[in-house]
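Down below is the structure, laid out as structure tokens.
The values are calculated or read from the model by the stated rules, or taken from the named source; none is laboratory data. Values in this document were obtained by computation on a predicted structure and should not be read as measured data. Don't worry about glycine lacking a Cβ; one is built from the backbone with ideal geometry, like all the others, and counts go over all protein chains shown.
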Number of protein chains: 2
Amino acid sequence: MPSIMANHSLRGSLSHPLVLSLLFLCASDCLGGKILVAPVEGSHWVNMDILIRALHNQGHSITVVRSTKSWYIKADSPYYDSITVPVDKGFDEEFVKPILAQLMEVERGSSSLIHFLPLQLLMFSAMSSAHDITCHMVTSMFEDRALMQHLNESQFDLVLTDPSFGEGILLAHYLKLPLVYNVRWVTSSEGHFALAPSPLSYIPVTGSGLSDKMTFLQRVKNMLFYLLMQFQYRFLVKAQYQAVCDKYFEHKVDFLELVQAADLWLMRVDFVFEFPRPTMPNVVYMGGFQCKPAKPLPQDLEDFVQSSGEHGVILMSLGTFVSELPSDIAEDIAAAFAELPQKVIWRHVGERPSTLGNNTLLVKWMPQNDLLGHPKIRAFVAHGGTNGVQEAMYHGVPVLGIPLFFDQYDNLFRLKERGAAKLFSIAAINKNTFLQGLQEVLHEPSYRENMQRLSRLHRDQPMKPLDRAIFWIEFVMRHKGAAHLR
Amino acid sequence: MPSIMANHSLRGSLSHPLVLSLLFLCASDCLGGKILVAPVEGSHWVNMDILIRALHNQGHSITVVRSTKSWYIKADSPYYDSITVPVDKGFDEEFVKPILAQLMEVERGSSSLIHFLPLQLLMFSAMSSAHDITCHMVTSMFEDRALMQHLNESQFDLVLTDPSFGEGILLAHYLKLPLVYNVRWVTSSEGHFALAPSPLSYIPVTGSGLSDKMTFLQRVKNMLFYLLMQFQYRFLVKAQYQAVCDKYFEHKVDFLELVQAADLWLMRVDFVFEFPRPTMPNVVYMGGFQCKPAKPLPQDLEDFVQSSGEHGVILMSLGTFVSELPSDIAEDIAAAFAELPQKVIWRHVGERPSTLGNNTLLVKWMPQNDLLGHPKIRAFVAHGGTNGVQEAMYHGVPVLGIPLFFDQYDNLFRLKERGAAKLFSIAAINKNTFLQGLQEVLHEPSYRENMQRLSRLHRDQPMKPLDRAIFWIEFVMRHKGAAHLR
């Protein structure tokens with residue numbers, strides 16, 4: 001039987017008289033709202049964590065719902081309290097890694113149809129299991145009367161959630177609380193598709209690899225992707241959530257309507273990155289909210305960067321999950337790097353490639369944002385995760401993209417369409433192709449110029465995206481929702 | 001033959017050395033852009049003028065295109081230079097007043113169908129003439145080679161226009177300049193209908209008097225209004241503009257595409273006022289940009305307001321055009337006012353009603369914003385022009401609405417739907433109904449509470465609407481357009 005395991009790490013330190021009087025001042029002068037956060041694991045948490053820290057700095061108190069199988073989301077934090085729900089299965093390394101390994105295998109296949117079908121089946125099955133895990137976790141919570149009573153009595157001001165999974169949506173409805181999304185995906189699709197009119201003639205389904213200018217055949221392809229997305233939602237996702245709704249909510253409610261009824265959608269894109277499309281009044285764009293000016297590098301890294309002289313430095317990172325590339329590809333990439341006059345910093349965890357040149361520094365972790373903002377950086381070899389793409393845009397560094405899975409191709413494709421990135425499928429990489437591609441990004445000035453233009457456009461906003469997000473979250477608290485915007 | 005009559009009132013004063021050095025500082029430090037403004041007459045100019053003053057204060061130089069028949073738009077201003085185009089006919093008092101008088105007659109008819117048809121015919125004919133006047137003015141300009149060469153050589157950064165008439169749209173295309181709208185209406189319809197997906201099932205055609213929640217029959221009515229709007233545009237408006245395009249533009253271009261191609265739409269509504277609806281990335285909402293905190297009243301007016309004691313004051317104004325009501329209605333209204341314990345300030349130009357009470361002060365003009373912001377004001381009797389409605393919302397004063405024509409019914413209806421206004425057709429006014437309506441707005445607290453709620457929502461923005469508008473106009477100047485948003 002699940003039970004509450006609340007983490008009260010903050011509470012002890014709060015009893016100091018000075019802190020108490022500060023808290024009193026805060027309670028009377030600032031908002032000091034109470035926010036219940038239902039996050040999603042992995043890179044989604046990296047984003048949510050930034051938002052949580054900013055909310056904490058604004059004087060709000062945050063409670064994060066996690067599970068005993070939580071992976072990135074820790075129980076102890078100076079920024080939030082946590083509630084840990086006991087579960088049998090979670091989105092942990094055990095769940096994610098084998099799927100990623102399989103995806104990587106499929107990606108390396110060369111024929112596009114042979115490649116496409118197993119990939120979709122694999123994705124379908126993984127998505128279905130993932131939503132199943134979420135529904136189990138929510139059911140555990142709803143069955144735990146003590147927990148639900150505690151949550152009810154806590155008088156939260158709103159639920160903040162990443163709606164790519166439905167946990168926060170169900171919780172907010174149960175607790176009758178205003179609902180704010182930190183969103184790019186909802187359970188059914190890319191976020192906009194669930195909310196705003198989306199004519200398929202000029203709005204590419206994210207995942208289709210299409211742009212906003214499509215030929216007739218591309219529109220057909222787009223329609224097929226849309227149908228696939230609908231199929232996936234209707235037959236593999238919706239039923240599980242609807243069952244929870246039917247069992248625990250007094251009045252019959254359609255789960256998709258709950259998804260659509262959120263007060264505020266803080267969308268993790270902007271229109272420098274995303275193709276222009278219809279939107280709705282309760283969508284606030286906070287694309288690039290995670291970006292910030294570069295801080296000075298640690299001395300050893302700074303020395304390495306400076307040693308590159310006029311040639312500058314290339315960064316390479318394939319994100320959180322794929323530090324380990326198949327060794328033959330890693331060998332090819334290392335050999336290509338070795339032929340360049342540039343220095344290279346490569347985030348790489350697996351075996352050291354035998355072809356590695358003296359110019360290449362392997363690291364287990366790197367201060368990516370600070371490096372991207374360094375004037376010596378010439379290019380970024382990236383997998384196309386949202387964070388990396390946004391940081392590259394913010395700092396104006398052109399990209400050589402190696403998309404692996406999920407939305408990575410689409411993210412990179414948006415840069416390619418603006419002439420700011422060159423793309424490679426992992427199946428097409430060998431030493432020569434990789435070297436040639438890298439040379440092109442380094443020496444054809446349009447890549448850098450276009451990326452710098454995107455950077456100027458992105459930075460030219462009346463308000464920082466993170467400040468805008470915080471303002472609107474507080475707006476929902478002040479007005480107990482944002483019904484007039486939806 | 002038309003010719004340039006540029007007004008250079010600013011130039012003389014600019015030769016002073018201090019001014020010159022300030023200008024130099026400005027040229028190196030701030031934007032100092034050059035903006036060509038193609039405004040629309042009447043209350044539209046009142047709005048545009050506020051934007052122009054703000055742009056002037058930001059250091060931009062403004063050139064306004066007007067005609068020899070211009071009415072509200074003066075040739076001399078400390079804020080702008082002007083170019084005066086000689087025309088035979090303009091939107092002056094001569095053109096507008098007889099139409100308004102006829103409209104008023106029709107409005108007073110009681111049967112809704114007898115009322116509707118002549119009203120529409122009258123509107124059609126007036127609109128057609130008005131667009132004809134615009135096209136003649138543009139043709140005059142295009143035929144004047146010296147003028148067009150002067151405009152070309154002036155190297156403006158953008159054209160700012162009110163697109164309810166097409167003059168600025170044609171000028172911007174001719175001069176190949178970025179285009180910014182100060183907009184609620186375009187030549188074809190309410191602005192959003194030309195730009196964003198507008199499902200007629202939940203988006204009421206402005207003019208239909210419908211809300212965003214419609215029964216089946218109301219949806220049918222909405223569709224009919226939409227068709228009427230399309231009919232009007234296609235058969236009475238488009239041809240005139242298309243003829244200008246076909247004659248003067250080298251490459252064939254569809255006029256509606258030019259309308260849609262503006263870089264930025266500064267929309268004179270927000271979603272506290274407007275029903276929620278799909279929008280587009282290049283729409284910036286600046287509803288209420290004309291509102292500002294109240295300044296102290298002149299002493300005599302302050303004394304009159306204070307003399308109202310606990311009962312407070314009622315304001316009445318029917319806008320710029322209708323200072324003169326039919327005398328029988330004015331008598332009824334005056335008699336109703338006379339029975340109230342409140343004091344009344346009434347903007348009234350015609351004959352003094354014989355039934356006028358001691359509590360009622362007739363004025364030819366009043367500082368409306370400063371009065372609406374005064375704590376003694378209890379209610380506002382208004383015709384529903386955008387400026388008055390926005391000011392009432394900003395200051396949280398409930399409204400008794402007497403819509404006369406154009407968008408006035410729809411403006412007031414949006415307040416009524418939020419429980420912040422009561423509406424009367426002018427045909428239904430007599431002493432008793434008016435008195436009863438007024439008592440209701442004064443004594444039923446929900447009117448005031450709802451209007452105060454709208455006021456709180458409207459004011460709770462991260463940035464003032466006028467500042468937002470200026471930011472985005474300057475954005476278009478900095479980036480020579482905003483292609484990525486459309």
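Overview of results
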quantity	calculated
For A:Y285: the one exception among (1) buried (at least 20 other Cβ atoms within 10 Å of the Cβ); (2) more than 9 Å from every other protein chain (Cβ to nearest Cβ)	(2)
Single residue of the stretch A:394-407 satisfying the filter (free of Cβ contacts under 8 Å to residues at least 60 places away in the same chain and under 21 Å from A:L119 (Cβ atoms)) that is surrounded by the fewest Cβ atoms within 10 Å (Cβ to Cβ)	A:F406
Answer from A:P278, A:P293, A:P298 - the residue that is within 14 Å of chain B (Cβ to nearest Cβ) and touching a residue at least 60 places away in the same chain (Cβ under 8 Å)	A:P278
Checklist (1) more than 25 Å from the chain's Cα centre (by Cα); (2) surrounded by 20 or more Cβ atoms within 10 Å (Cβ to Cβ); (3) not β-branched (V, I, T) applied to B:D246, failing item	(2)
Residue that is buried (at least 17 other Cβ atoms within 10 Å of the Cβ) and within 14 Å of chain B (Cβ to nearest Cβ), where the choices are A:A130, A:A194	A:A194
Condition check for B:L147: in contact with a strand residue (DSSP E or B) (Cβ under 9 Å, 6 or more places away or on another chain), surrounded by 13 or more Cβ atoms within 10 Å (Cβ to Cβ) and aliphatic (A, V, I, L, M)	yes
Criterion violated by B:S307 - all others in (1) more than 13 Å from chain A (Cβ to nearest Cβ); (2) in contact with a Gly (Cβ under 6 Å, 6 or more places away or on another chain) satisfied	(2)
Residue count, the stretch A:181-191 (criterion: aromatic (F, W, Y) and either at pLDDT 95 or above or surrounded by fewer than 19 Cβ atoms within 10 Å (Cβ to Cβ) (or both))	1
Yes/no for A:F406 being modelled with pLDDT under 95 and either in a loop (DSSP other than H, G, I, E, B) or of a type in the set (A, V, I, L, M, F, W, C) (or both)	yes
Yes/no for B:P326 being within 22 Å of B:A428 (Cβ to Cβ) and surrounded by 22 or more Cβ atoms within 10 Å (Cβ to Cβ)	no
Lone unmet requirement of (1) under 18 Å from B:K364 (Cβ atoms); (2) surrounded by 15 or more Cβ atoms within 10 Å (Cβ to Cβ); (3) of a type outside the set (K, R) for B:P278	(1)
Total residues in the stretch B:296-328, condition at pLDDT 95 or above, β-branched (V, I, T) and touching a helix residue (DSSP H, G or I) at 6+ places or on another chain (Cβ under 6 Å)	1
Selected residue [over 29 Å from the mean Cα position of the chain (by Cα), outside any helix (DSSP H, G or I), modelled with pLDDT of 95 or more and more than 14 Å from chain A (Cβ to nearest Cβ)] from B:P353, B:P341	B:P341
Helices (runs of 4 or more DSSP H) contained entirely in the stretch A:424-486, each with at least 1 residues that are under 25 Å from the mean Cα position of the chain (by Cα), more than 10 Å from chain B (Cβ to nearest Cβ) and surrounded by 18 or more Cβ atoms within 10 Å (Cβ to Cβ)	A:445-459, A:465-479
A:D303, sole failed condition from (1) exposed (fewer than 14 other Cβ atoms within 10 Å of the Cβ); (2) in the same structural domain as A:L423 (by TED's automatic domain parsing); (3) assigned to a loop (DSSP other than H, G, I, E, B)	(3)
Residues (over 28 Å from A:S128 (Cβ atoms) and over 22 Å from the mean Cα position of the chain (by Cα)) located in the stretch A:77-96	A:P78, A:D81
Residue satisfying all of: in the stretch B:64-86; in contact with a strand residue (DSSP E or B) (Cβ under 9 Å, 6 or more places away or on another chain) and either surrounded by fewer than 18 Cβ atoms within 10 Å (Cβ to Cβ) or among the charged types (D, E, K, R) (or both); farthest from B:A428 (Cα to Cα) among these	B:D81
Members of the stretch A:360-393 found to be out of contact with any His (no Cβ under 7 Å at 6 or more places or on another chain), crowded, with 20+ Cβ neighbours inside 10 Å and part of a loop (DSSP other than H, G, I, E, B), listed by number	A:H374, A:H383, A:G384, A:G385
In the stretch A:200-219, the residues that are of a type outside the set (F, W, Y), within 12 Å of another protein chain (Cβ to nearest Cβ) and either within 19 Å of A:V272 (Cα to Cα) or touching a residue at least 40 places away in the same chain (Cβ under 8 Å) (or both)	A:I203, A:D212
Selection from the stretch B:462-486 of residues that are without any contact (Cβ under 8 Å) to a residue 40 or more places away in the chain and farther than 30 Å from B:L175 by Cα	B:P462, B:M463
Considering residues of the stretch B:285-322 that are out of contact with any strand residue (DSSP E or B) (no Cβ under 6 Å at 6 or more places or on another chain) and β-branched (V, I, T) only, the residue nearest to B:Y181 (Cα to Cα)	B:T320
Index of the failed condition, A:F406 passing every other in (1) under 20 Å from the mean Cα position of the chain (by Cα); (2) closer than 25 Å to A:R456 by Cβ; (3) not polar (S, T, N, Q)	(2)
Flag if A:G90 is in a loop (DSSP other than H, G, I, E, B) and touching a Cys at 6+ places or on another chain (Cβ under 6 Å)	no
Set A:M316, A:M267: member being within 14 Å of chain B (Cβ to nearest Cβ) and not basic (K, R)	A:M267
